[in-house]
Amino acid sequence: MDASASPLELFQAWLDEARKACPDNPDAIALATADATGTPDVRYVLLKRISAEGLEFFTNRASSKGRQLEARPHAALAAYWRELGRQVRARGPVDELPRERVAEYFATRRRPSQLGAWASKQSAELAAAEELRERLAALEKKFAGQDVPPPEHWTGYRMQPLEIEFWQEGDARLHERVLYSRIEAGAAWTTRRLQP
Ligand SMILES: Cc1cc2nc3c(=O)[nH]c(=O)nc-3n(C[C@H](O)[C@H](O)[C@H](O)COP(=O)(O)O)c2cc1C
């Protein structure tokens, strides 16, 4: 593992390799947030972009995770690529992406996903499956022949990690672990090797 690279660049390099080597959702990350009582919650989302500014994912602001992030804008995430024997973990503050970036990404989604973002009140109770189908049918009519804009409740978030750990599976459980940390976004990274 090249511990001299910037961790965000290394994360990108590992994700690029995973895209070639791992057939199943190589960009899926487990995203952990905390609810109002401090109890952890976790679910998978797709990591859509890694840049010097941080790690981006998209969801519904009114979902459980959206409400948890509004109350406590901090998260942890983990990616695992079985075929490569690799894990990456990150922790840090999270903020909402600018509306232009949300619209830019939304425009790249397939139309059924765009309409689904309008139809689903993510994480709210669904009384009957038809309810969702009916809403979808009504939206197909509403947006017939036009581009689908992002709904107001649909948004993107960016984690600015203060810690990123890279884990490479080794022989006889001698896994390699490198932890990068910094005191705030924009500050210099320090690197430590950890015992497995
Ligand atoms: C592989 C995978 C990828 C997913 N990607 C997303 C995603 O990018 N955004 C999203 O809102 N939900 C995604 N989901 C669904 C979430 O795991 C979750 O069910 C949903 O966001 C509601 O979570 P919440 O109630 O904790 O807010 C994905 C699920 C899986 C299994």
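The values are calculated or read from the model by the stated rules, or taken from the named source; none is laboratory data. Keep in mind that this is a model prediction, so the values were computed, not measured. Every residue, glycine among them, receives a Cβ derived from its backbone with ideal geometry; neighbour counts consider all protein chains shown. These accessible areas exclude ligands, DNA and RNA; they are computed on the full protein's heavy atoms, side chains included. Shrake-Rupley method; radii C 1.70, N 1.55, O 1.52, S 1.80 Å.
The calculated FRET efficiency for GLU176 paired with ASP16, based on their beta-carbon distance and R0 = 22 Å, is about 0.70. In the chain, a dipole from Cβ-located charges (positive for Lys and Arg, negative for Asp and Glu) runs towards its positive end, and of PRO98, SER120, THR59 it is SER120 whose Cα lies farthest in that direction.
Within the range 61-89, which residues have the backbone N less than 11 Å from the label spot 7 Å out from VAL45 along Cα→beta-carbon, could you tell me? 61-70, 74-77, by backbone N distance to the label point. Residues within the reach of a label modelled at GLU100 (point 7 angstrom out along Cα to beta-carbon, backbone nitrogen below 20 Å), restricted to the range 159-196, are 159. The range 1-51 and the range 139-192 have Cα centres separated by 5 Å.
When only the Cβ of Lys, Arg, Asp and Glu is charged (+1, +1, -1, -1), the dipole of the range 56-95 relative to its Cα centre reaches about 160 debye. Among the GluC sites (Glu not before Pro) in the range 72-148, those placed in a DSSP loop whose Cβ has at most 10 other Cβ atoms within 10 Å are GLU125. For the chain, the solvent-accessible area works out to 58 Å² per residue, with a probe of 1.4 Å and every protein chain left in place. Counting only Cβ charges, +1 for Lys and Arg and -1 for Asp and Glu, the dipole size of the chain around its Cα centre is about 180 debye.
Partners of LYS142 within straight-line reach, counting lysines whose Cα lies under 24 Å from its Cα and excluding those fewer than 8 residues away in the same chain: LYS121.
Adding -39500 (n - 2.57) for every DSSP H run of four residues or longer, then dividing by how many residues the chain holds, sets the calculated 222 nm ellipticity at -8500 deg cm²/dmol.
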